[in-house]
Amino acid sequence: MSQQSTYPDPAQSSFFQHLNTNYAPTDTEIGDIQTHLSPYEVELARLESVILELFTQRERLREYIESHKALISSPRRVPLSVLKQIFLQCLPTNRCAAMSTSEAPLLLGRICSGWRSLAFTIPPLWDSIHISAPFIGSNPSKRAAVIDWLSRSAELPLSISLAMNHRGEADPDANSAASELLGSLLPSSYRWRAFHVAGLDPGDYPRLAELNVPLLKDLHLEFATAPAPETCPTILSSNLVRTMKYKRVHLSTPCIYRVVPATHFSWGHLSSLTLAETGWGLDAIALSASQAYQLLKGCNNLGAVHFTLADPLFRPDIITGATLVLPSLVELDIQRSRLSANTAVGLLMEKVIMPALTILHVPDGQIGDSASYMAQLAAHSPSLQHLEFGIAENATPSGMLETISLFPALTALQLFIPRNTHFMNAAQVLSVLTPAPEKGDLLPKLKHLHLECSAGLERAIWVDFLDKHMEHKTQLSQFHVEVTTPFLPDDDVHPHVQRFRQHGLDVKIRHDNYDVPPSPLDNIPTMAWL
């Protein structure tokens, strides 16, 4: 077949006038068309065979070239010591490594066999692990994977976070599997550096209580349900806590107030303690002022303490003991309760002296009124640098100015401004803190100012506030505002924020818009406990 006949022009076909139409050929014409196409179909088959052969040759050639190029690729020449450091930098920094093939260290083993073999020989890659009991379940291979993971860490100290998700009577099989999983971790307890367990069944706690954990620095126990009343007061005096290297303990449970014994006790072994309330209704009752006093009295070596305080529901609270001196306490964080704590905060603060205190967080505290404990706090805690307080309902600008001036060493100030404040709003708070000749150098060391307010804050107010600080060349370097009602659109805020940022100020104006549609990322937790 000639070259010209092999690639014909459709216009030369005797059926050209019928191409691409709805014409239906006769039986005779159908035979003519088939006879006409026969040599072309033979040629098409020949060409496809040639193409297939060429494609095969191309792939063989490409494979040959790439296999040789791999020998001279840069990753092959990276020293193992450097590659090990790169692997370690792939680990998460604010939580334990998860048993997921989408992140290090398991992801590293999916690149190639060489990387997998290398990863298995680097113990620091495997010295932290997050274990989800529902994910592991009763699967023997997954349980074996947990043991293999721990064995790869050699004898390094371990950081373990365990989500047991105890389900009570709803799923006894799942609870049993989670309990068995916890048991498989106990033989490594002598190497625990940090241990975080969430959804702990009180029935599993006795196995933890008697452990010896000489390397443990951080312990986080979150109970699914409240332990028995007779067990609660013994948790912080258990062998588990007493044998820790550093006694930094976080305890979450319903009925958290039961943890503090009613009788005299001495927990001098504790250096950092967080007591968090969980549950609902009466189970969520926080510490009273007298219970917090009892706790601080029994833990006289605490350097940091965090607890939730609330006013009693049914009876007045009194503290009959003498004023406590807490020489080691550097940080006191009285967390927000579901109930009011105004009275409890004042009652407790009047009974403690903290000469080394540098950080004080009391969101339900009362600043700007005539609270007597503020003067006492200023007199006995001269090193106080970070203060987080609420604005009192009856606060006035003059009262706040008088209170703030008691703490000239402050470097960070965070204020909560409730909606029901009668005399003070965010604008007036900024007015008090705005530099002016008649005020003198009110807070000469202040670098960080955070405001959380329920009412809006006009742009002109905070812009003028920052302009005045720049004009007076104060040390203010960070200004954050969180407003819980919608106010200014982003296109109005952004240019002014950028202007101050160009001058080195860290400025953030954030508002919560309750009309924002729900997102799959809403309330996603992070673990910053390591």
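The values are calculated or read from the model by the stated rules, or taken from the named source; none is laboratory data. Bear in mind the structure is a predicted one, so any value in this text is a computation, not a measurement. Note: ideal-geometry Cβ built from the backbone for every residue, glycine included; neighbour counts use all protein chains shown. These accessible areas exclude ligands, DNA and RNA; they are computed on the full protein's heavy atoms, side chains included. Shrake-Rupley method; radii C 1.70, N 1.55, O 1.52, S 1.80 Å.
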### Query
Among LEU433, LEU61, THR243, whose Cα sits farthest toward the positive end of the charge dipole of the chain (+1 at Cβ of Lys/Arg, -1 at Cβ of Asp/Glu, about the Cα centre)?
THR243
### Task
Determine which residues of region 43-59 fall in the zone a paramagnetic label at GLU66 would reach in this model, i.e. backbone nitrogen under 15 Å from the point 7 Å along Cα→Cβ.
56-59
### Query
For the charge dipole of region 164-287, defined by +1 on Lys and Arg C-beta atoms and -1 on Asp and Glu C-beta atoms about the Cα centroid, which residue among LEU275, ALA286, ALA194 has the Cα displaced farthest towards the positive pole?
ALA194
### Query
Ordered by residue, what ³J(HN,Hα) values in Hz, to whole numbers, does region 132-147 give under the Karplus form 6.51 cos²θ - 1.76 cosθ + 1.60, where θ = phi - 60° and Gly and Pro are x?
9, 4, x, 5, 6, x, 9, 5, x, 5, 5, 5, 5, 5, 5, 5
### Query
Mind checking Rg over Rh on the chain, alpha carbons, Kirkwood formula for Rh?
1.20
### Task
Keeping all protein chains in place, calculate the accessible area per residue for the chain (probe 1.4 angstrom), answer in Å².
53
### Query
Given H placed 1.01 Å from N in the peptide plane, which residues other than close sequence neighbours of THR274 have an amide H under 5 Å from its amide H?
VAL249, HIS250, LEU251, HIS306
#### Entry: Helix 27-71 vs. the chain, principal-axis angle (Cα, 0 to 90°, nearest 10)
50
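Ignoring ligands, DNA and RNA, please state the percent of accessible area on the chain from carbon and sulfur, probe 1.4 Å.
C and S atoms contribute 56 percent here.
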#### Entry: Spatially near lysine pairs across the chain, Cα under 22 Å, sequence gap of 8 or more or different chains
15
### Message
Give me, ordered by chain and number, the residues 5 or more places off ALA98 or on other chains with an amide H under 5 Å from its own placed amide H.
### Response
HIS130
### Between region 29-97 and region 127-179, the alpha-carbon center distance in angstrom
41
### Task
Could you tell me which trypsin sites (Lys or Arg not before Pro) in region 1-90 are loop residues by DSSP with no more than 11 other beta carbons within 10 angstrom of their beta carbon?
none
#### Entry: Those GluC sites (Glu not before Pro) in region 391-460 that DSSP places in a loop and that have at most 16 other beta carbons within 10 Å
GLU393, GLU458
